[in-house]
Amino acid sequence: MRAATGNVVLVGGGHTHVQVIAAFGSRPEPGLTLTLVTDQLQSPYSGMLPGHVAGLYRHDEMHIDLVALAAATGTRLVHARATGVDSARKLILCEDRQPIAYDITSLNVGITPDLASIAGADVHGIAVKPIGSFLSRFEGLSGRGGPRRIAIVGNGAAGVELAFALKARLQDGQQAGTPCEIVLIGSGPVVEKLNPGIRRRVERALDRHGIERRDGLRVIGVEPNAVATACGQRFAADATLISTRAKVPPWLAATGLPLGPNGFIATRTTLQVSGETHLFAVGDCAEIIGHPREKAGVYAVRQGPVLARNIRRLWQGTTLEPHHPQADYLVLLGTGDGSAIGGRGRWLAFEGRWAWRLKDWIDRRFMARFTGR
């Protein structure tokens, strides 16, 4: 028989969990209490990060205030860093405090950079994930004076958007006139996972903005003022940003929870961790077995309503809903100048100022659900 009351512990305030909090705030489940465990009291929205770097969004416009969200929805907030999961005893282990008991729990804790294959990257590089750490280091970077040569390691969509944004911020925008060179380095073609039409538009835009492209080069080392590649080439750089493969946080990897083929927490289509009933994992830290997808915020956003419904269903003792992530999605890459490049699927590609207005509208609409703006 089900207990009369229960505690749902949400570990991490990512894109998926903020939607669960909002859903239970607007329609509470009798007997259930929500507890949010997070070491960050402001949750960054990844879709607006390049716009913020470019100077188009203020810090508060791209962050969800978790203290305010918890207060508005009746969610208990525990400001602590999670350090482990004891699924046998249903406990979330935390740093410098007693474990937190749960009846149902979910992990939405993001990812950390996988820097093991790049010597010196952990010391001399600036990783884009987690976003909070990146922003604090970026402010120091953008405040420096004098000439700049910035290397970005990783030429996927995230690296490309960051290159456009940095160019706009450091040279074309708020600090116009300051010399700024940006080199974008990747082991394959630029945005190789996107369709040919998008790739061509991105390549033209990078050339138009004076951003140097170095494709087909594997970076093996980051030094204080240079980047080294496997073929022996070196590129001078005052700062090196890392936007490459990531992994689950070390504490999560140490829990012994099952990992999928790509090294993230393995889940079923119900978003439950493989072999577990009362433990979910969502967002970048998880992968749905049989449905491999790249790491993109859109997938975490789409999981929000499903997770909220499945937590209710698990508590009520009814059948959980499967989630099959879409095979492709609308891509919108800001170019830092009030325009964007976009597309979807194998062939659709477009660009223009209207595409940026569409991206801005989508992002602001998502944030308005949690900020009231």
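Estimated at 0.36 nm per residue, the fully extended path between residue 236 and residue 321 surpasses their Cα-Cα distance by 25.4 nm. Dividing the helix sum by the residues of the chain, where each DSSP H run of 4 or more adds -39500 (n - 2.57), gives a mean residue ellipticity at 222 nm of -8500 deg cm²/dmol.
Sites listed here are chymotrypsin sites (Phe, Trp or Tyr not before Pro) in the stretch 280-373 whose DSSP assignment is loop and whose Cβ has at most 10 other Cβ atoms within 10 Å: 347. Taking a point 7 Å from the Cα of residue 289 along the Cα-to-Cβ direction, the residues of the stretch 228-267 with backbone N closer than 19 Å to it are 248, 253-267. Less than 5 angstrom separates the built amide H of residue 247 from those of 112, 114, all sequence-distant by 5 or more or on a different chain. Put a dot 7 Å past the Cα of residue 353, heading toward its Cβ, do the same for residue 101, and the two dots end up 6.1 nm apart. DSSP bridge analysis restricted to the chain gives an antiparallel fraction near 45%, rounded to the nearest 5.
Between residue 137 and residue 203, the simple spin-label model (points 7 angstrom out along Cα→Cβ) gives 3.1 nm. Considering only GluC sites (Glu not before Pro) in DSSP loops that have at most 15 other Cβ atoms within 10 Å, the longest stretch of the chain without any of them is 193-293. Here the dipole of the stretch 1-67 is about 220 debye; that uses its Cα centre as origin and unit charges on the Cβ of Lys and Arg (positive) and Asp and Glu (negative). Shown here are the Rg and Dmax of the Cα trace of the stretch 114-245, at 13.9, 38 Å. In plain terms, the residue of 302, 208, 201 with the fewest other Cβ atoms within 10 Å comes first and the most crowded comes last, giving 208, 302, 201. A simple packing score, the average count of other Cβ atoms within 10 Å per residue, orders the peptides 4-11, 318-325, 99-106 as 99-106, 4-11, 318-325, with the highest score first.
Remark: the stretch 103-111, residue by residue, has Karplus-estimated 3J(HN,Hα) of 9, 9, 9, 9, 10, 9, 10, x, 9 Hz, where x stands for each Gly or Pro and the curve is 6.51 cos²θ - 1.76 cosθ + 1.60 at θ = phi - 60°.
No lab work stands behind these numbers, since they all come straight from the coordinates. No experiment lies behind these values; they were computed from the predicted model shown. Reconstructed Cβ throughout: ideal geometry from the backbone, glycine too, with neighbour counts over all protein chains shown.
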